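> Below: one structure in structure tokens.
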Amino acid sequence: RKKNMKLNTVVITGGTGSFGQAFTRRLLAVPDGPHIRILSRDEHKQEIMANDLKNPRRVTFIIGDVRDQDKLRQAFDGANAVVHAAALKRVGPSEQAADEFVKTNIFGTDNVVSAAIRAGVPRSLLISSDKACEPFNTYGKTKAVAESVFVQGNRMGHTAGARFSVVRGGNVWGSRGSVVEKWRQ
């Protein structure tokens, strides 16, 4: 395995969210950077993001959901990195619709792992949450399980050369759903 592998194609699930947009701008700032595939289920946010980007030639927008394994396999085909940022993230709604959080945050993550292995993606990264540490709400619990599923991908994808990593972050200042929104209101 090459330690300093050049990224040719990066797929970002949930790419129209706060993290996905910021990461896309960062990748586009690299002159000979990778092609970026944005996978999200919100065509309206995709259109807004496409209009805001300065170098949209290196970006492909794909309407899809992490709950759809076939769409993930298509999106991951030929990619050499996946950044999995798609998730349901609001604590309040997680208590009202726990089943939906399980379907997206756990089963969707399992779909990402399976699709990455099948597509031969060498590196995948899950963006998790500080709420996964000693979780007490449904959101945190589903993200904690998602982390375990992702790390388990290292055992499942070992022979295919697939590697899976997880990073936990706190709420990003000013991101959608952060307390800054409330203060500004």
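The values are calculated or read from the model by the stated rules, or taken from the named source; none is laboratory data. Just so it is clear, the model here is predicted, and its values are computed rather than measured. When we count neighbours, we look across all protein chains shown, and the Cβ atoms used for this are built from the backbone with ideal geometry, even at glycine. Heavy atoms of the whole protein, side chains included, go into the accessibility calculation; ligands, DNA and RNA do not. Shrake-Rupley method; radii C 1.70, N 1.55, O 1.52, S 1.80 Å.
> If you roll a 1.4 angstrom probe over the protein chains with everything in place, what fraction of the accessible area of the chain belongs to carbon and sulfur, to the nearest %?
C and S atoms contribute 52 percent here.
> Can you show me the helix-derived [θ] at 222 nm for the chain, built from DSSP H runs with n ≥ 4 at -39,500 (n - 2.57) apiece and divided by the number of residues, rounded to the nearest 500.
It comes out at -12000 deg cm²/dmol, rounded to the nearest 500.
> Sort 90-102, 139-151, 35-47, 62-74 for me by packing, meaning the mean count of neighbouring Cβ atoms within 10 Å per residue, highest on top.
The peptides rank, most packed first, as 139-151, 35-47, 62-74, 90-102.
> Based on the Cβ-Cβ distance of GLU43 and LEU7, what FRET efficiency does E = 1/(1 + (r/R0)^6) give at R0 = 22 Å, to the nearest 0.05?
The calculated FRET efficiency here is 0.25.
> Under a Cβ-Cβ cut-off of 9 Å, what is the net charge of the residues other than ILE62 that fall near it, where Lys and Arg count +1 and Asp and Glu count -1?
Summing Lys/Arg as +1 and Asp/Glu as -1 gives +2.
> List the relative contact order of the chain as a percent without decimals, with contacts defined as Cα pairs under 8 Å and 6+ residues apart.
Relative contact order comes out at 19 percent.
> Work through the residues other than THR138 whose Cβ is under 11 Å from its Cβ and net out their charges, Lys, Arg +1 and Asp, Glu -1.
Here the count lands on +1.
> Would you kindly derive the ³J(HN,Hα) couplings of the stretch 62-68 from the backbone phi angles with the Karplus curve 6.51 cos²θ - 1.76 cosθ + 1.60 (θ = phi - 60°), listing them in order in whole Hz, with x for Gly and Pro?
Along the stretch 62-68, the couplings run 10, 7, x, 9, 5, 6, 10 Hz.
> While we're looking at this one, here's another question. Calculate the spin-label point distance for LYS54 paired with ASP77, positioning each point 7 Å from the Cα along the beta-carbon direction, and give it in nanometres.
Reported label-point gap for ASP77 and LYS54 is 3.3 nm.
> Continuing with the same structure: With a point put 7 Å past each Cα toward its Cβ, work out how far GLN152 is from ARG168 in nm, to one decimal.
In this crude spin-label approximation the distance works out to 1.9 nm.
> Between ASP70 and GLU134, what length comes free when the chain is fully extended (0.36 nm per residue of separation minus the Cα-Cα distance, one decimal in nm)?
That works out to 19.7 nm of additional length.
> So between ALA160 and ALA29, what do we pick up on full extension, going 0.36 nm a residue minus the alpha carbon distance?
44.0 nm
> Can you give the local net charge around ALA116? Use residues other than it whose beta-carbon is closer than 10 angstrom to its beta-carbon, Lys and Arg +1, Asp and Glu -1.
Around ALA116, the surrounding residues sum to +4.
> Compute the separation of the alpha-carbon centres of the stretch 82-113 and the stretch 116-166 and state it in Å as a whole number.
12
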